[in-house]
Amino acid sequence: MMQSSSEPARLLVVDDNQINRMMLSRNLELQGHLVETAENGKEGLDKFRTGAFDLMLLDIEMPVMNGFEVLEACLNDLDLRQIPIIMTSAMEELDAVVKCVELGAEDYLTKPVNPILLRARVNASLEKKRLRDEQRKLFRTFATKEVAEELLRTGFSLGGQMVTATVLISDIRSFTTITESQEPSDSIELLNQYFSMMFDAITQNGGIVNQIVGDGVLAVFGAPIFFEDHRKRAVKAGLQMLEQLKVFNEKQLAQDKTPIRIGIGITSGRMVAGYTGTQNRAIYTCIGDTVNLADRIQEYTKEALRPLLIDGYTREGLPDSYKVEDLGKIVFKGKNQAVNVFAVVG
Amino acid sequence: MSVIDLNTYNALKESTGADFISTLTDTFIEDGYAQIEQMQTALAAKDAETFRRAAHSLKSNAATFGANELSALARELEMMGRDKNLEVGDRLEVLKEAFEQVKSQLNELRKP
């Protein structure tokens with residue numbers, strides 16, 4: 001038995017049905033967890049945002065805000081998306097459940113919930129989260145290495161400044177499915193290999209990895225140390241990532257292991273960058289529309305069926321030797337203006 | 001004749017405890033009356049969506065206790081509500097009768 005199954009976790013049960021809330025809470029409390037409940041999606045999301053939970057059990061059909069909307073809001077939140085969400089639903093709602101799992105829900109349970117399945121699914125999800133958290137911590141310790149030099153030189157102060165830079169976001173496709181189909185240790189090994197490839201490509205081109213979220217990587221080029229050619233550097237790193245991944249996948253296939261696919265989104269522009277955290281523990285991070293757009297464009301790689309997409313401003317910073325394909329103007333959710341998207345093909 | 005599947009009921013009792021199941025039974029009865037009332041009101045107002053939701057909840061709760069027949073009746077009404085078909089005939093009356101039987105048996109079952 002894995003150790004974490006005996007450690008109490010903080011769980012949130014969101015369901016509009018009182019009987020379901022009582023049943024789930026009772027079972028989970030008997031399994032040693034600390035449980036809070038919410039009666040609708042809106043209340044659930046508010047609690048989830050403030051409560052430092054380890055996992056959420058989320059009903060799909062609810063008033064005020066349904067399970068889909070809550071799930072989407074969580075997945076769009078950099079802090080919340082790392083916390084596993086298990087959907088709970090009636091048998092007839094399996095179509096909806098599939099949609100949720102595709103969106104990024106960790107798992108699902110059908111109601112009435114079987115206590116043994118409940119225990120197994122909750123513990124497996126908590127274990128996966130624990131591994132991901134460890135991974136994140138581990139990588140953060142050496143992701144800040146590049147920043148350390150600059151910190152020593154300029155002195156350390158928290159606070160942001162406006163910079164012009166390029167953001168690169170990469171994500172593994174269907175990583176949850178991959179982790180489910182193999183041993184946790186294999187998943188971690190896979191992540192380690194993937195991250196070290198990505199980190200090499202980023203740092204070799206002068207970029208800084210400043211966030212690891214699950215299997216996603218966020219890197220910035222041109223800040224805190226400015227490079228005139230930050231846009232070219234980011235795209236070069238992206239192409240290098242894909243090149244290395246190709247070699248990696250050939251090896252994986254030769255060993256009868258799962259190949260992985262990634263999507264990369266790159267955008268350039270003005271953003272707020274700076275050190276956030278405390279004097280003892282801080283990370284260099286960047287925020288703003290440019291960063292959000294990079295994430296949207298990265299997501300759009302799924303639809304566009306191209307692994308590396310960039311925005312118009314990044315395109316303008318590329319020398320002619322780069323081959324790009326114009327995918328036209330795309331309107332992304334939550335954005336007012338259409339964005340010109342290009343696929344980098346070589 | 002049992003209107004409760006005793007395997008389901010006993011498994012529930014075993015996993016959650018006798019005290020808990022008594023509290024849960026109170027909630028089930030209280031919520032059940034409220035759900036039936038909502039269905040009646042919604043039926044009169046031709047509000048298929050509210051009707052469907054109330055039937056959905058009752059279906060789910062009945063299944064939790066192993067009241068399978070009641071759950072199936074509620075499910076049928078839920079599906080009619082979903083299809084915006086409120087020509088339910090005497091189904092709601094049949095469901096009320098089934099609910100009363102389930103209530104009686106749950107009250108028997110929880111006696112120490």
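The values are calculated or read from the model by the stated rules, or taken from the named source; none is laboratory data. A quick note: this is a predicted structure, and the numbers were derived from the prediction, not measured. Heads up, the Cβs are rebuilt from the backbone with ideal geometry, glycines too, and the neighbour counts pull from every protein chain shown. Heads up: the accessible areas ignore ligands, DNA and RNA and are worked out on the full protein's heavy atoms, side chains in. Shrake-Rupley method; radii C 1.70, N 1.55, O 1.52, S 1.80 Å.
A few notes on this one:
- Accessible area ranking (1.4 Å probe, heavy atoms, ligands and nucleic acids excluded), largest first, for B:84, A:47: B:84, A:47.
- Solvent-accessible heavy-atom area per residue, rounded to whole Å², over chain A at 1.4 Å: 48 Å²
- Shape of the range A:1-108, Cα gyration tensor, a/c cut at 1.5: rounded
- Sulfur and carbon atoms: percent of accessible area, the protein assembly as shown [1.4 Å]: 50 percent
- Residue A:90 long-range amide H proximity, modeled H, under 5 Å: A:111
- Surface accessible to a 1.4 Å probe, residue B:5 within the full protein complex, Å²: 50 Å²
- Taking each DSSP H run with n ≥ 4 as -39500 (n - 2.57) and averaging over every residue of the protein assembly as shown yields -17500 deg cm²/dmol at 222 nm.
- Annotation for residue B:5 and residue A:336: the two label points, set 7 Å from Cα along the Cα-Cβ direction, are 5.6 nm apart.
- Solvent accessible area, Å² - residue A:332, 1.4 Å probe, full protein context: 20 Å²
- Accessible-area value, residue A:321, 1.4 Å probe, nucleic acids and ligands omitted, Å²: 90 Å²
- Taking other residues whose beta carbon is less than 13 angstrom from the beta carbon of residue A:257, and scoring Lys, Arg as +1 and Asp, Glu as -1, yields -4.
- The range A:49-127: C-alpha gyration tensor shape, a/c 1.5 cut-off, then a/b vs b/c: oblate
- Among A:179, A:50, B:50, the order of accessible area from largest down is A:50, B:50, A:179, computed with a 1.4 Å probe on protein heavy atoms.
- Ratio Rg/Rh, restricted to the protein assembly as shown and using Cα atoms, in which Rh is the Kirkwood radius: 1.06
- Among A:174, A:110, A:317 - extreme Cα towards positive end, dipole of chain A, charges at beta-carbon: A:317
- Nearest-0.05 FRET efficiency for residue B:41 and residue B:14, computed from C-beta distance (R0 30 Å): 0.20
- Normalising the Debye intensity of chain B to I(0), with uniform scatterers on Cα atoms only, and taking log10 at q = 0.12 Å⁻¹ returns -0.40.
- Shape call, the range A:215-341: gyration tensor on alpha carbons, a/c limit 1.5: oblate
- Those residues of the range B:21-35 for which accessible area with every protein chain present is at least 20 Å² below the isolated value (1.4 Å probe): B:24, B:27, B:31
- Restricting the range A:214-261 to chymotrypsin sites (Phe, Trp or Tyr not before Pro) in coil, as DSSP defines it, with at most 16 other Cβ within 10 Å: A:226
- Sites residue A:164 and residue A:116 - FRET efficiency at Förster radius 60 Å, r taken between beta-carbons, to 0.05: 0.60
- Residues of chain B: accessible area per residue with a 1.4 Å probe, Å²: 51 Å²
- Close amide H pairs (under 5 Å, H built 1.01 Å from N) link residue A:35 with A:11, residues at least 5 positions away or on another chain.
- FRET efficiency for the pair residue A:186 and residue A:76, taken as 1/(1 + (r/R0)^6) with r the Cβ-Cβ distance and R0 = 35 Å, rounds to 0.75.
- Chains B and A together, accessible area buried on both sides, 1.4 angstrom probe, square angstrom: 1600 Å²
- For residue A:251, the lysines whose Cα falls under 26 Å of its own Cα, not counting residues fewer than eight places away in the same chain, are A:128, A:236, A:302.
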